Amino acid sequence: MVPVEEILKTRMADIRKNHPEVSGFLESHGLIPDDDRLALADYIARIPDEDCQDYGLDKADLIDALGTFLEGLEGLTDGRQTFDVRSVSIIGGTDKSGRPEKINLTLLPGTITSIVGPTGSGKSRLLGDIEWMAQGDTPTGRRILVNGMFPGEDLRFSIEHKLVAQLSQNMNFVVDTEVGAFIAMHAASRMRITDHIVADIIAQANGMTGETFDADTPITALSGGQSRALMIADTAFLSTSPIVLIDEIENAGIDRTRALELLVKKEKIVIMATHDPLLALMADRRLVIQNGAIERVIETSAREKAVLVELEKMDAVMQRLRLRLRAGEEIEGLGS
């Protein structure tokens, strides 16, 4: 694969002829060079600042994304992309009024991004666009890139190999089996059978909920919190999906901090819609949604992380009180 440094020195005419994938990359960012005599680096340098603002572009970020894209091409086999997902990019569409959504945001493995905004602002729609790997074919007109390029239809619509796993508050099982057998079946389908996989997943799930269960527990007997804890642990250990979407788990009855830490440890790209300040500040950044569009991207600051420490202390008190109430104990004070 030609390194990005060489591609930047290449004239646009030669790129069109010999590297059509690079032309496709530029077009996916709304860029259609009209002077074939220019080297790519010169073309990027000449892009007017107002055009960059219109497309939500940063020239340095564009070059970095091109480098990631070229590396990603090495992960193609027989026209199908492997699951070595290095980045997911959100290219803006329009808001509910039809105004351009000026956003070009790249998310990396092992990071958490929260989505915040009023009820009905479009948080779930953004999650839906990512799950669908939208290519301008949803109401928002957004486009989602993987490793800087459009995912092919075989990747977007594959049942066997899904890029996205989704976790929500509502998780109910109808299969008639025990927890251990359920995990073993999933592990076998992923060719991930080991001596400890069932025990490891159950241990991680029990660490997220105050109501423990074991391998012999009927899966239909799990509470809502136990079900969600099991699916989060299962997703972390067994799911090949590199992207995890979470829709409002603040009332899920689980240790949210531990759940997110587990997913990040497994190098998932975690994106969650939430109204919970603790979850929002646990993220590396938050996307502020208004009128159906991403209006602002806020990187979580050191000052906000200090606020998060205090919120976690308060949350720990609430978790202890919740466990004592479940056990039928009397509460005599916040420290009890």
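The values are calculated or read from the model by the stated rules, or taken from the named source; none is laboratory data. Here the structure is a predicted model, which means the values were calculated and not measured. Note that each Cβ is placed from the backbone with ideal geometry, even for glycine, and that neighbours are counted across all protein chains shown. Keep in mind that these areas ignore ligands, DNA and RNA; they rest on the heavy atoms of the full protein, side chains included. Shrake-Rupley method; radii C 1.70, N 1.55, O 1.52, S 1.80 Å.
Summarising the amide proton neighbourhood of residue 178: residues at separation of 5 or more, or on other chains, whose placed amide H is nearer than 5 Å comprise 219.
Within the accessible area of the range 191-336, the carbon and sulfur atoms contribute 51%, probe 1.4 Å, all protein chains present.
Can you tell me what share of the DSSP beta bridges in the chain is antiparallel? A percent to the nearest 5 is fine. Spell out each step's value before the answer.
Numbers: 21 of 39 bridges.
The antiparallel fraction comes to roughly 55 percent.
Taking amide H atoms as placed 1.01 Å from N in the peptide plane, the amide H of residue 246 lies under 5 Å from those of 167, 271, 272, 273, each 5 or more residues away in sequence or on another chain.
Can you give me the relative contact order of the range 268-322 as a percent, contacts being Cα pairs under 8 Å and 6 or more apart? It comes to 27 percent, rounded to a whole number.
Coordinate range of the alpha-carbon atoms in the range 232-298 per principal axis, descending: 36, 24, 17 Å. Protein heavy-atom accessible surface, 1.4 Å probe, per residue over the chain: 49 Å². The aspartates and glutamates whose alpha-carbon is closer than 17 Å to the alpha-carbon of residue 96, local same-chain residues fewer than 8 away aside, are 129, 137, 295. Within the range 282-330, the ratio Rg/Rh, alpha carbon atoms throughout and Rh by Kirkwood, equals 1.24. For Rg/Rh (Cα atoms, Kirkwood Rh), which listed value, (1) 1.03; (2) 1.68; (3) 0.95, comes from the coordinates shown? Only one option fits the structure, namely (1).
Would any residue of the range 26-66 have its amide N under 15 Å from a label point 7 Å out along Cα→Cβ of residue 108? List them or say none. Only 61-66 pass the distance filter.
Treating each Cα of the range 216-335 as an identical point scatterer and summing with the Debye formula, the log10 of I(q)/I(0) at q = 0.10, 0.13, 0.19, 0.20 Å⁻¹ comes to -0.39, -0.64, -1.18, -1.25.
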